[in-house]
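Here is the structure we will look at.
The values are calculated or read from the model by the stated rules, or taken from the named source; none is laboratory data. A quick note: this is a predicted structure, and the numbers were derived from the prediction, not measured. Neighbour counts run over all protein chains shown; Cβ positions are idealised from the backbone, glycine included. Please note that ligands, DNA and RNA were not included when accessible areas were found on the heavy atoms of the full protein model with its side chains. Shrake-Rupley method; radii C 1.70, N 1.55, O 1.52, S 1.80 Å.
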Amino acid sequence: MPVTRHWPSACMLLGLLLAFLAEPAPAAGVGYSVAVVPALPPTEIKRRWQPLLDQLQRDTGFTLKFRFYKDNVEFEEGLQKSEPDFAMIGPYQTWKARTLYQPLVRDAAPMIGMVLVRKDSRLQSLADLHERTLATPGGSDMASSLLYAQEFRNSRIRPSLRPQRTHVNGLRAVMLGRLDAAIINSYSLRLMPEGLEQQLRPIHRTAPMPGPAFAAARRLPADDMRKMKDALLHLKDSHAALLASALMPNLTEVDLERDYGIFASLISAETPDATP
């Protein structure tokens, strides 16, 4: 009968189907979160960093998702809880969170802190900031904040400090005449909207210091930390434009003590009871 003739073939097809269904699906890459110090709104951070994360996903096999923070205070609280798996961290934060995060790479260019005023401002030096309003970053995202605090204390200059959620907010407040000056750094200045820098001028600059670092939570597997570091360094040759968008065009490896140990003495001098 026809049924009998086709029975072996049907059994073979059924066996192949069951074998196919029993085959496990390809395992998804391990998922990690990535945070960027919130110098800009989340939409702008995502615009700049998403192509880099997409390439790192392809190169590492990891699944990478942004973890956003509303301001620097919340960001630093997240670091102290070891929330993000990977994070782009300011230089002072890198030293402050060194027991929880291992810096992997940084851009070779130094970071310079500065105080900016409107081009038509009468302010010419730090001394002119006495009893004037000064926009400062919330939290401790800028090492220059420590340096300026030292300078103000040593020179008996007492500006009226106005913490801001982002660097953009501080500079816009200066542009609108709501505040007299703003602290910023050379890295964050490169992220500002086009044309904004041309309407401002610096009245003081700090000495150069190491810039932000891309760091990994120390709780991560050492192999995964190494894989991420190798993938980032490889991008210098394969996708340099992606690194430039994230302000890391001249990527180099980090030595924690050599590059960021300077902040131990600064923290101690600024706040004697602080834990360096």
inquiry  = Looking at (1) more than 19 Å from the chain's Cα centre (by Cα); (2) closer than 30 Å to E253 by Cα; (3) part of a strand (DSSP E or B), which one does F214 not meet, given that it meets all the others?
reply    = (1)
inquiry  = Criterion first (polar (S, T, N, Q), under 17 Å from V37 (Cβ atoms) and open to solvent by 20 Å² or more (accessible area, probe 1.4 Å)) does S125 satisfy it?
reply    = no
ask   = Here is a list of conditions, (1) more than 25 Å from the chain's Cα centre (by Cα); (2) modelled with pLDDT of 90 or more; (3) not aliphatic (A, V, I, L, M), and R162 meets all of them except one; can you say which number that is?
value = (1)
ask   = Would the range 167-188 turn up any residue that is open to solvent by 20 Å² or more (accessible area, probe 1.4 Å), among the aliphatic types (A, V, I, L, M) and not in a helix (DSSP H, G or I)?
value = yes
key: Subset of the range 30-39 [crowded, with 20+ Cβ neighbours inside 10 Å and either aliphatic (A, V, I, L, M) or assigned to a strand (DSSP E or B) (or both)]   = Y32, V34, A35, V36, V37, A39
inquiry  = Looking at the range 157-169, can you tell me whether even one residue there is basic (K, R) and touching a His at 6+ places or on another chain (Cβ under 8 Å)?
reply    = yes
ask   = Of all residues in the range 44-79, how many are free of Cβ contacts under 8 Å to residues at least 60 places away in the same chain and among the aromatic types (F, W, Y)?
value = 3
ask   = Restricting attention to the range 56-73, and to residues there that are surrounded by fewer than 16 Cβ atoms within 10 Å (Cβ to Cβ) and not small (G, A, S), which single residue is farthest from the chain's Cα centre (by Cα)?
value = R58
query = Can you tell me which residues in the range 204-229 are at pLDDT below 95, open to solvent by less than 20 Å² (accessible area, probe 1.4 Å) and of a type in the set (A, V, I, L, M)?
reply = M209
